[in-house]
Amino acid sequence: MSSLKLRRTPTPAEHVAALLEALVDVAENSFFGYVEPIDLERFEEMAAAAPAWLRVSIHFEGAFSGWMHTDLPEALGRELFASFLGDAEAGAGERELYDLVGEFANMVCGTWLTRTSQRRQFNLQHPDVSARPAGWQPAAAALDSPLLASFNDAPLACWLEFIPEA
């Protein structure tokens with residue numbers, strides 16, 4: 001008689017620590033940046049000072065499926081661009097900025113999935129990067145188990161959204 005192995009959809013809370021580790025690794029090794037977790041109050045305080053925001057969403061499929069979303073100030077995206085190129089004076093047009101911010105999120109998502117599911121294969125779709133409307137502020141308090149961080153003294157919110165198994 002064979003046994004049926006049931007798969008369970010993970011919860012975002014189960015992955016916050018692993019997501020933070022992936023973010024720290026990518027920040028330090030690819031962008032020469034410093035990341036530390038912050039609480040909601042500090043995040044909201046920092047976020048209020050950022051006038052323009054970007055959102056990156058990456059859909060992944062494999063042993064479990066879902067999205068990783070990241071909200072970050074546009075100024076942090078431009079800093080990441082310059083850091084990645086190793087040129088503090090490097091300027092980026094919208095397309096280049098979106099490509100780099102998307103690659104940053106792709107690196108974080110891929111690192112997180114590789115570390116948490118070493119023997120499983122995942123497919124990541126191309127990152128979707130968009131500017132938030134003028135005056136928009138992130139609503140981190142409404143998210144399910146968000147990772148709130150300071151990346152080089154700029155706020156960053158990252159969260160997971162899983163698709164329940166049918």
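Things worth noting here:
- Listed residues Trp112, Trp53, Trp136, most fluctuating in the chain (Gaussian network, C-alpha, under 10 Å): Trp136
- Within a Gaussian network of the chain (alpha carbon springs, distance under 10 Å), most fluctuating of Arg95, Arg132, Arg55: Arg95
- Scattering curve values for segment 5-62, log₁₀ I(q)/I(0), Debye with Cα scatterers, q = 0.22, 0.30 Å⁻¹: -1.23, -1.20
- Debye, to nearest 20: dipole size of segment 74-154, +1 on Lys, Arg Cβ, -1 on Asp, Glu Cβ: 520
- Quarter of Cα convex hull surface for the chain, i.e. mean projection, nm²: 10.5
- Pairwise FRET efficiency - Gln125 versus Thr9, Cβ, R0 = 22 Å, nearest 0.05: 0.75
- Highest mean packing first, where packing is the average number of other Cβ atoms within 10 Å per residue, the peptides 40-47, 115-122, 74-81 line up as 74-81, 40-47, 115-122.
- Footprinting exposure proxy ranking of Glu165, Glu21, fewest other C-beta atoms within 10 angstrom first, gives Glu165, Glu21.
- Cα-centred dipole magnitude for the chain, charges only on beta-carbon of K, R (+1) and D, E (-1), debye, nearest 20: 840
- Fewest neighbouring Cβ atoms within 10 Å first, the residues Ile38, Ile58 line up as Ile38, Ile58.
- Tensor-based shape of segment 28-104 (alpha-carbon gyration tensor, a/c under 1.5 rounded, otherwise prolate or oblate): oblate
- Rough spin-label spacing in nm, given labels placed 7 Å along Cα→Cβ, for Asp153 and Ala48: 1.9
Since every read-out is calculated from the coordinates, none of them should be taken as a lab result. Bear in mind the structure is a predicted one, so any value in this text is a computation, not a measurement. So basically every Cβ, Gly included, is an ideal-geometry build from the backbone, and we count neighbours across all protein chains shown.
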